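*Asks:* Attaching a single structure in structure tokens format; questions to follow.
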Amino acid sequence: MIAAILFRGLVFALLWWVLAEGRADAWGLGVAAAMAATLASLWLLPPGRWRIGTLPLLRFLLFFLWNSLRGGLQVALMALRRWPGLRPAIQEISLALPPGAPRLLLLNALTLMPGTLGVRLSDDGKLQVHALDASLPVAAEVRTLEAHIARLFGVARGGMP
Amino acid sequence: MTGLEWPGLELSLALFLLANLVAALMAAERGPTAADRMLTALLFGSTGVGVLVLLAVAMRLPSLVDVALTLALLAAIAGIAFARRAWRGTSDD
Amino acid sequence: MIEFASAALLVIGAFFYFAGTVGLLRFPDIYTRLHALAKADNLGLGCVLAGLALRAETLATALKLLLIWPLALAASAAVAYAIAHRAETLGIAPWRGEEEP
């Protein structure tokens, strides 16, 4: 708990430093803002639900950056080609991730991944995905993203945390 | 060179993005469904922020970065509120 | 060198914005247009922000520019899902495709 408070306080102080563009003349306000933000975050998001390691976070960010680049490039080429070659379809995929933050992250990240768009996520983990080109391996893309998110949150897919 | 000054890459790109925004808005305005018009919400999030940060550099107005940051923050909050409403709205409308 | 990389990133960013708009105008239905806007425009914004951050005077200013990206991503991912979900709830069928000539 103490570690969580200190860590969050440090993160918010760093955020203040970035927002103030490194200027030192507003630190009084900054300390107050960082403390208020820490309190609010403890109230809204109590620590201990998910453990996110630094290394998995870094791996996820790299994966995310690379795939949003792929996704943007793919859709840009489709838009600019003479015949876009769209073969859209909606597919249903059963998620193995636990509900809550992991599923929410998957749903939102999916929109920026190559060729996929989340359309409906029901409580039992059934996800409807709209694919730009259904002849591409859509399910495999979703599975890969799912595996990365499972590793990020330190949960086994299918098991509860 | 002649008396004309090159307007600068940032300003040219900001104007280019603005032209994109106008073209997309005109398309949305005659869009076939209400959902098509909702796409403008997405447009303002990304294109608006892009124009603002480019102008911040082109005009040497660093406070425009704060405007862009606030716009992105508001867009995020509005977007999440919007998504939650759509989430609940599955059965009741 | 940094100046060149920065300019290149800005131009690439504008290219993705342009592609997003073209997709918005050319793609046949609401779902495919969402793909175009959400992916291409966000990548465009990311490139523009990275390009400007490269030549920022201080580290804090660069980080501040980069901080905008995740916020904009969260916004458009949430809005894109909301629109797709709403469209599906309203019974808007996705475009099924047609033969290429």
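The values are calculated or read from the model by the stated rules, or taken from the named source; none is laboratory data. If you're wondering where the values come from, they're calculated on a predicted model, not measured in any experiment. Backbone-built Cβ (ideal geometry, glycine too); neighbour counts: all protein chains shown. Areas reflect the complete protein model, heavy atoms only, side chains present, ligands, DNA and RNA absent. Shrake-Rupley method; radii C 1.70, N 1.55, O 1.52, S 1.80 Å.
*Asks:* Taking the range A:101-114, which residues are free of Cβ contacts under 8 Å to residues at least 24 places away in the same chain and open to solvent by 40 Å² or more (accessible area, probe 1.4 Å)?
*Replies:* The answer is A:Leu104, A:Asn108.
Each row is one residue, and each column tells you yes or no for (1) open to solvent by less than 70 Å² (accessible area, probe 1.4 Å); (2) assigned to a helix (DSSP H, G or I); (3) aromatic (Phe, Trp, Tyr).
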{"position": "A:Ala24", "(1), (2), (3)": "no, no, no"}
{"position": "A:Leu42", "(1), (2), (3)": "yes, yes, no"}
{"position": "A:Leu55", "(1), (2), (3)": "no, yes, no"}
{"position": "A:Leu58", "(1), (2), (3)": "no, yes, no"}
{"position": "A:Ala79", "(1), (2), (3)": "yes, yes, no"}
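*Asks:* For B:Ala56, work out the one condition from (1) within 9 Å of chain C (Cβ to nearest Cβ); (2) closer than 25 Å to C:Tyr81 by Cα; (3) small (Gly, Ala, Ser); (4) open to solvent by less than 40 Å² (accessible area, probe 1.4 Å) it doesn't fulfil.
*Replies:* Answer for B:Ala56: the failing condition is (2).
*Asks:* Of the residues that sit in the range C:13-22 and are closer than 18 Å to C:Ser76 by Cβ and not aliphatic (A, V, I, L, M), which one is most open to solvent (accessible area, probe 1.4 Å)?
*Replies:* Looking at residues that are closer than 18 Å to C:Ser76 by Cβ and not aliphatic (A, V, I, L, M), I get C:Phe18.
*Asks:* Moving to a separate point now. For the list (1) in contact (Cβ under 8 Å) with a residue 40 or more places away in the chain; (2) open to solvent by 50 Å² or more (accessible area, probe 1.4 Å), I need the number of the one condition that A:Asp124 fails.
*Replies:* So the condition that A:Asp124 fails would be (1).
*Asks:* Which condition number in (1) out of contact with any His (no Cβ under 7 Å at 6 or more places or on another chain); (2) at pLDDT 90 or above; (3) open to solvent by less than 70 Å² (accessible area, probe 1.4 Å) is the one that A:Leu117 fails?
*Replies:* So A:Leu117 meets the others, but not (1).
*Asks:* What number of residues within the range C:46-55 are closer than 17 Å to A:Arg70 by Cβ, open to solvent by less than 20 Å² (accessible area, probe 1.4 Å) and either out of contact with any helix residue (DSSP H, G or I) (no Cβ under 7 Å at 6 or more places or on another chain) or of a type in the set (A, V, I, L, M, F, W, C) (or both)?
*Replies:* Counting residues in the range C:46-55 that are closer than 17 Å to A:Arg70 by Cβ, open to solvent by less than 20 Å² (accessible area, probe 1.4 Å) and either out of contact with any helix residue (DSSP H, G or I) (no Cβ under 7 Å at 6 or more places or on another chain) or of a type in the set (A, V, I, L, M, F, W, C) (or both) gives 1.
Here's the yes/no breakdown for (1) surrounded by 24 or more Cβ atoms within 10 Å (Cβ to Cβ); (2) closer than 19 Å to A:Gly72 by Cβ; (3) over 16 Å from the mean Cα position of the chain (by Cα); (4) not polar (S, T, N, Q):
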site	(1), (2), (3), (4)
C:Val11	no, yes, no, yes
C:Leu24	yes, yes, no, yes
C:Leu37	yes, yes, no, yes
C:Gly44	yes, yes, no, yes
C:Glu57	no, no, yes, yes
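*Asks:* Out of all the residues in the range B:67-78, which are surrounded by 15 or more Cβ atoms within 10 Å (Cβ to Cβ) and either more than 8 Å from chain C (Cβ to nearest Cβ) or farther than 17 Å from C:Leu10 by Cα (or both)?
*Replies:* Selection gives B:Val67, B:Leu69, B:Leu71, B:Ala72, B:Leu73, B:Ala75, B:Ala76, B:Ala78.
*Asks:* Would you be able to say whether some residue in the range B:31-47 is modelled with pLDDT of 90 or more, open to solvent by less than 30 Å² (accessible area, probe 1.4 Å), assigned to a helix (DSSP H, G or I) and more than 9 Å from chain C (Cβ to nearest Cβ)?
*Replies:* no
*Asks:* Please verify whether A:Leu77 is over 20 Å from C:Ala72 (Cβ atoms) and within 11 Å of chain C (Cβ to nearest Cβ), treating the condition exactly as stated.
*Replies:* yes
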